[in-house]
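Every read-out reported here was derived from the displayed coordinates using simple, explicitly stated rules and does not represent laboratory data. In this text the structure is predicted, and so the values were computed from the model without any measurement. Every residue, glycine among them, receives a Cβ derived from its backbone with ideal geometry; neighbour counts consider all protein chains shown.
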Amino acid sequence: MDPTGGPDRAAEPDRGAPPARNIGELVMAALLGALGLYLILDAASIAVPDSTNAIGPRFFPYLVGGLIVATAVALGVRVYRGDRVAGDESEDVDLDAPTSWRALGIVAAAFLVHALLINVIGWPLAVTLMFGVVAWALGARGIVRPMIAGGITSVVVWIIFVKALNVALPGGTLLEFVTSWF
Amino acid sequence: MGLSELAGGFADALTPINLLFALIGVVLGTAVGVLPGIGPAMTVALLLPATYVLEPTSALIMFAGIYYGGMYGGSTTSILLNTPGESSSIMTALEGNKMAKAGRGAAALATAAIGSFVAGTIATLLLALVAPTIVDLAVGITAADYFALTVLAFVAVATILGSSPLRGLAALGVGLYLGLVGTDVLTGQERFTVGVPQLSDGIDVVVVAVGLFAVGEALYVASRLRRGPVEVMAVSGHYLTKQDLRRSWKPWLRGTALGFPFGAMPAGGAEIPTFLSYAAERRLTKHPEEFGKGAIEGVAGPEAANNAAAAGVLVPLLTLGIPTSATAAILLTAFQGYGIQPGPTLLTTESTLVWTLIASLFIGNVMLLVLNLPLAGVWVKVLRIPRPYLYAGILLFASLGCYAVNADPFDLALLLLVGVLGFFMRRYGWPVAPAVVGLILGPIAETNLRRALAISSGDLTVLVDTWFSRIVLFLALAALVVPIVLRVVRGPRSSPEELQEGAPLRHHEPAHVAGDDREGTS
C-alpha cells in the first residue's frame, strides 16, 4: 500500500459549497415532498373505468408518490443534519464562483421571449435575438457580433431544415418571401 | 453461434448508404463528445425526429455511431481541458491532463483512442457472443420478471450513478412523475395533466432530455461561468513510442475486462469500472513514481474501461429492453418510434436489424480510430469555441429540435421549465440520468406490473412467484441498501483525487487522518 496519501485532504473545505447551500437543498427536499403528496392526492381523482380488473390507473401513481415522499423525508433529514454534496462538475463551470442570478435570469428570460415570438416574427429572427442576448449575458464582447453570428447561423440552419429536410419551422414574412422561389 | 448472423450483418452494414450514416454518426458523436455542455444523450434526443423520415436501420446506425463517437470525443476533452467533464472521464483526466502538460498530449490522445478502439471492438464482439445466450435464458420471462428487472434498473441507475444514492432516488422519482403525465394507455384516463390539452399525449422525451441536458446545462453554466479564455492544451510530442505501446496494451485489456461486465449488468454506468481500472493500474504499474505526474497506464486503463462499459450497456438494452444509461434510454425511445420493442424477441423478429447494427458498431469503431488520430488538431479548434457562442448555439439547436416535434411554442415553454429543473438538480448535485431513465422506463414498468397483477387478479405475491424475479428483486434491494450501509459505516467513497495520491479504492472514514486505518478497510 502506498503511504503517500496526504492527510491535509480532509481539512480542505468543500469546493462549490457556499454557506447558503443547505437551505436551498432543504427547499428542494420540501418541493420533492410536495410533489409526492400531490401525486398521492391527485391520483385519488383519476377516474377508474368499471371495466378495470385488478389494478387500475391509480396504483402506480400511488407507488411513485409513496417513493417520492419517502425519499424526500430521508433526504430532508440527511440535509438537515449537514449532508451536502458539491454541485455538478462541468467543463465550463467554476464551482468557486458566486452564483450569477443575473446572467441566469437573462438567459431564461431570453429563451422564454423567443418561444413566444416564434409564431409572430418567425424562428430565424426570434432565435437570433435569443442567441445575441444569451451570448451577451454570458460575456461575449458587444452585442453586434453575437447578433450577426446568430443571424447567419439561424438563417443557414433554417434553410437546411426547412428547404432540404421539410421541417415545419415558421421563417417569418421576409425570409419566406425571399426563399419562396426555392 | 451469433457469428454467421454477424457475417450477414456485415454484408448489410457495408452498403454505401449505411456506411454514410455510420460516418455521419461517428463524426457528429465525436464533435458533441468533444464539445462541453452537450453529449450523446442530448444529440440523439434532438435527432429523434429523424426517425420519421429515415428507415430504421439507417437511423439506428447513425444513433449508435453518435453513442460510440461521444465516448471517443469525451476523452479528448478530458485530456486537453484542465477540468473534468462527465464522471466517467474523470479518471482519464487525472493522468491525461498531466501528460498533456508535460508535452505528451499526443501520446495521451493516442493511447486513449487506440484503447477505446481495442475495448470497443472486444466489447462489441462480446456483445455479439453474449446476446443470443441471454435471449435464450430470457425468452420465457413473465411480466412479473420483467417488472423486477425494471426495478433493478431503477435502483441501480439511481444509487450507483452520482455521488449520493438518495439524490439519485429523488431524481428517479421526478423522472417517474414526468413519465406518468399524460393519458393512461390501458384505460384511456388522463393523469396529472392539470387540464392542459397539450399534456394529454404525455411529455415528449425530446423535451425532457433536451431540457435536462442542454437547457439545464446552459443555465447552470450561465450561473457560474468560468471566466476568461478557454485554456486548451497543445497536442504535442510523439504519438506512441514503442515503450508507450508496451506499457499500454495490458491496461487496455484489463480495462476492457473490468468495463464490459459492469456495463452489461443492469448496474449502470462506466464510473465504477474506470475507478477500479485506475486503482488496478496504479497498483500493477512498474512506474509508480509517474502516477500523479502523467502515467500512460492511468489513461489507457480507464479509457478502455469507459468504452467497454458503453458497449456493455447495449447488452441489457438489446436483449431485455432495459436501458441503464440516459443515452440507452433514448435509444430505446428510437426503437419504440419504429414500433420495435427491444427485448428477448428482438433478435428473432428483427434479426437483420440487430446484426446490421452490431456490425456497424465494429465499422464505426474503425472509422473513429482512423478519424480521431489525424483529426486531433480539428477537435482542438472545436474546443476553443468561445463559451458565450457555444452555449447560445446549444440553446439555438435545443429550440430547433423541440419546436420541430409538434410545431407548438408550448413545448418550448415546457422545455424552459424542465431546463430550470435541470439547473436546480445540477446545482444541488442531483444526477440527471436517473430522471431520464425513470421517464422512459417508468411506463414500461407500470405496464408490466399491471399485466402481472391482472393475471393474478390483484394478488401481489405474483411478483415474487418465480426464482428469477426473487433473485432480481433481491439484487435490487441489495443495490439500494448496500451503498447506504457502506456510507453510514465507512463514510463517502474515495474521491478521484485521493486515488491519484495513492489511496486504495475503498470506502473510508472522512474524519480519519489518512494512513492510520488503511489495513482494515481496503
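Annotations
- Remark on B:W430: its backbone amide H falls under 5 Å from none of the residues 5 or more positions apart or on other chains, H modelled at 1.01 Å from N.
- About its Cα centre, the dipole of the stretch B:12-151 is roughly 600 debye, where the only charges are +1 on Lys and Arg Cβ and -1 on Asp and Glu Cβ.
- For A:R145 and A:I121, the FRET efficiency from 1/(1 + (r/R0)^6), where r spans their Cβ atoms and R0 equals 30 Å, is about 0.90.
- Calculated FRET efficiency for the pair B:W249/B:A7, C-beta based, R₀ 30 Å, to 0.05: 0.60
- Cα gyration tensor shape of the stretch B:327-453, rounded if a/c is under 1.5, else prolate or oblate by comparing a/b with b/c: oblate
- For the stretch B:3-512, a simple Cβ point-charge model (Lys and Arg +1, Asp and Glu -1, everything else neutral) yields a dipole of about 1700 debye relative to the Cα centre.
- Difference of contour (0.36 nm per residue) and Cα-Cα distance, B:S457 to B:V185: 96.0 nm
- Of the Cα atoms belonging to the stretch B:3-512, the radius of gyration and Dmax stand at 22.0, 69 Å.
- B:L284 paired with B:F410, simple spin-label distance in nm, labels 7 Å along Cα-to-beta-carbon: 5.7 nm
- Selected from B:G442, B:V405, B:M91, residue furthest toward positive end of dipole (chain B; charges at beta carbon): B:M91
- Gyration tensor (alpha-carbon) shape descriptor, the protein assembly as shown, a/c threshold 1.5: rounded
- The modelled label-to-label distance for the pair A:Y62/B:Q198, using points 7 Å beyond Cα in the direction of Cβ, is 3.3 nm.
- Dipole of the protein assembly as shown computed with +1 at Lys/Arg Cβ and -1 at Asp/Glu Cβ about the Cα centre; of B:F275, B:L166, B:P40, farthest Cα towards the positive end is B:F275.
- Within a straight-line Cα-Cα reach of under 27 Å, B:K286 can be paired with the following lysines, leaving aside sequence neighbours fewer than 8 residues apart in one chain: B:K98, B:K101, B:K242, B:K250.
- Our helix-only sum for chain A, with -39,500 (n - 2.57) per DSSP H run of n ≥ 4 divided by its residues, gives a mean residue ellipticity at 222 nm of -19000 deg cm²/dmol.
- Placing pseudo-labels 7 Å out from each Cα toward the beta carbon at A:V156 and A:A97 gives an inter-label distance of 2.6 nm.
- Distance from the alpha carbon centroid of the stretch B:139-164 to that of the stretch B:193-230 works out to 26 angstrom.
- Helical runs assigned H by DSSP (4 residues or longer) give chain B a calculated mean residue ellipticity at 222 nm of -23000 deg cm²/dmol, each run adding -39500 (n - 2.57) before division by the residue total.
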